[in-house]
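The values are calculated or read from the model by the stated rules, or taken from the named source; none is laboratory data. These figures come from a predicted structure and were not determined experimentally. A quick note on method: Cβ atoms are made from the backbone with ideal geometry, for glycine too, and the neighbour counts reach across all protein chains shown.
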Amino acid sequence: MTGLLVCENVSGINDSFVGRNDQSALNHWLTDSSWNEKELDRARRELILEELRAKRIEHGVLFIDDTLSHKTGKHMDGVNVHYDHSEGRYALGHQLVTSHLVAGWLSIPLDFELYRRDEGQADFRNKQELARALVSRAVAEGLLLQLRPP
C-alpha cells in the first residue's frame, strides 16, 4: 500500500495503471472490499524476498528518508504544517518517514511511518525514533538478514 500514497486521489491512482477500468471500480475495491491490509503487506514483502532471491541479489542498502506529501485541506487525519526542505518553506501535508531497499538497479519501497508533530500526545515519536522502528522491522522481517554483506 506504500506506493498508493504518492497519488493525490483515487483517480490519480487509477490513471497510473495500464489497461485501467473506470476509477469507480478501484474506489469500490479500496473502500468496500474485504481484503486485509496487514495480510496484503505481508504478501508484498514475501514477493520482495522471492524476487531478491530469484535475481541472486546478495547485498543492498537500506535507505531511510522523510518526505512531505502536500495536501490542500486540514481535515484529513495526520495533516499538519511541516517544513519542506526541497522548497525551503513550510507547507501543509503528511510527513512520512520511509524505508527503501536499494540493491543494484532495484529500489524497493519497504515501509513508512506517519510523522505527527509533537502536540503533547502521549505516543509522540520523533523522526529518528520512527526511523529506528523502520530499521528494526526490516531486520525482524528478514529483509536485511537475507542479504550477505558485500
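Go through Ser107, Ser99 for me and flag whichever is under 19 Å from Leu49 (Cβ atoms) and over 12 Å from the mean Cα position of the chain (by Cα).
On the way: Ser99 fails: over 12 Å from the mean Cα position of the chain (by Cα).
Step by step, each of Ser107, Ser99 is checked, and only Ser107 is under 19 Å from Leu49 (Cβ atoms) and over 12 Å from the mean Cα position of the chain (by Cα).
Only a single item in (1) surrounded by 11 or more Cβ atoms within 10 Å (Cβ to Cβ); (2) farther than 24 Å from Leu114 by Cα is not met by Glu46, and it is number (2). Scan the stretch 70-85 for residues that are within 24 Å of Ala133 (Cβ to Cβ) and either out of contact with any strand residue (DSSP E or B) (no Cβ under 7 Å at 6 or more places or on another chain) or surrounded by 16 or more Cβ atoms within 10 Å (Cβ to Cβ) (or both) and the total you get is 8.
Exactly one residue among Gly12, Gly19 is modelled with pLDDT under 75, of a type outside the set (S, T, N, Q) and loosely packed, with under 11 Cβ neighbours inside 10 Å, and that residue is Gly19. Name the strands (runs of 3 or more DSSP E) wholly within the stretch 55-150 that hold at least 1 residues that are in contact (Cβ under 8 Å) with a residue 60 or more places away in the chain and not aliphatic (A, V, I, L, M)? In the stretch 55-150, the matching strands (runs of 3 or more DSSP E) lie at 61-70, 89-103, 106-115.
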